[in-house]
Amino acid sequence: MTMKQNNNERHGSPSSRLTAMAMLLAASTLLASCATPGGGAGADDCNPLVGALVGGAVGALMGGDRHRGRGAAIGAGVGALTCVAYNYSSKQTRTADQVGDEYRRARGDLPPAPLVTGYRTQAARATARAGEDVTVTSNIEVVPGRTEPLKELREEFVILDPQGVERSKLEKTPAPAGSKGGAYVSTLQFTFPQGVPPGAYRVQSKLFVNGKVAQSSAVDIQVAQAPRATGLALAALAPAHVLTAQR
């Protein structure tokens with residue numbers, strides 16, 4: 001076997017690479033055209049099947065002739081991750097006055113601007129399988145400002161793959177318009193698609209107050225092969241990591 005033949009087996013022949021690139025281009029065009037306007041903030045406007053097609057084409061290209069099938073399967077799982085369907089909800093557990101009164105008793109007066117005194121995310125359970133809901137809960141506490149009003153309170157969630165690459169993103173508002181502050185509990189539910197490769201994934205979250213990052217938190221999720229060939233097991237590593245804090 002010549003060196004050229006061996007290289008083609010490992011990385012794919014020029015014609016096969018061109019074919020995969022053509023598939024990728026066509027799928028990318030289809031993905032861009034399938035978005036539906038008017039979905040609202042945080043709506044998932046992409047099609048998971050198209051995302052899987054895009055990822056599969058990339059995986060097939062990277063896998064070469066010898067590992068094209070395996071590469072396509074892994075790529076399809078990663079591609080589908082870009083179109084994860086989210087379910088987000090929130091509820092207020094304490095009013096702005098209750099949180100503000102507690103802060104006054106401890107500090108003497110309210111801060112000049114809205115202040116985040118608590119933000120933490122955690123996974124609801126330790127393990128799950130692909131196709132089952134994964135739930136991330138956020139506990140939020142915002143003290144109302146003395147002079148500056150609360151104009152915006154926003155959560156941003158990002159799923160990072162084992163290489164630290166952003167694969168999916170969602171932004172939501174836990175507090176209704178006109179809120180001054182208070183304590184809130186938000187719940188984010190999503191499902192890892194079948195075929196996602198094993199590794200350590202991270203759900204990174206940020207809490208924005210009036211357009212600026214106030215605090216960040218993260219939950220690490222280990223995706224591992226299930227004991228049986230029935231799917232993937234998801235192990236949420238506890239506790240959550242609080243990365244930054246506003247003081």
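If the condition is being farther than 23 Å from SER205 by Cβ and of a type in the set (A, V, I, L, M), then the range 92-143 contributes ALA106, LEU110. The set of residues in the range 91-112 that are of a type outside the set (A, V, I, L, M) and open to solvent by less than 50 Å² (accessible area, probe 1.4 Å) comprises GLY100, TYR103, PRO111.
Applying the selection to the range 152-209, what residues are in contact with a Leu (Cβ under 7 Å, 6 or more places away or on another chain), over 22 Å from GLY118 (Cβ atoms), of a type in the set (A, V, I, L, M) and in a strand (DSSP E or B)? If the condition is that a residue be in contact with a Leu (Cβ under 7 Å, 6 or more places away or on another chain), over 22 Å from GLY118 (Cβ atoms), of a type in the set (A, V, I, L, M) and in a strand (DSSP E or B), then ILE159 is the only one that fits.
In the range 214-228, the residues that are open to solvent by less than 10 Å² (accessible area, probe 1.4 Å) form no Cβ pair under 6 Å with any partner that is aromatic (Phe, Trp, Tyr) and modelled with pLDDT under 65, whether six or more places apart or across chains.
The values are calculated or read from the model by the stated rules, or taken from the named source; none is laboratory data. Quantities reported herein were computed from a predicted structural model and do not represent experimental measurements. Every residue, glycine among them, receives a Cβ derived from its backbone with ideal geometry; neighbour counts consider all protein chains shown. Ligands, DNA and RNA are stripped out before the accessible areas are found, and what is left, the full protein with its side chains, is counted by its heavy atoms. Shrake-Rupley method; radii C 1.70, N 1.55, O 1.52, S 1.80 Å.
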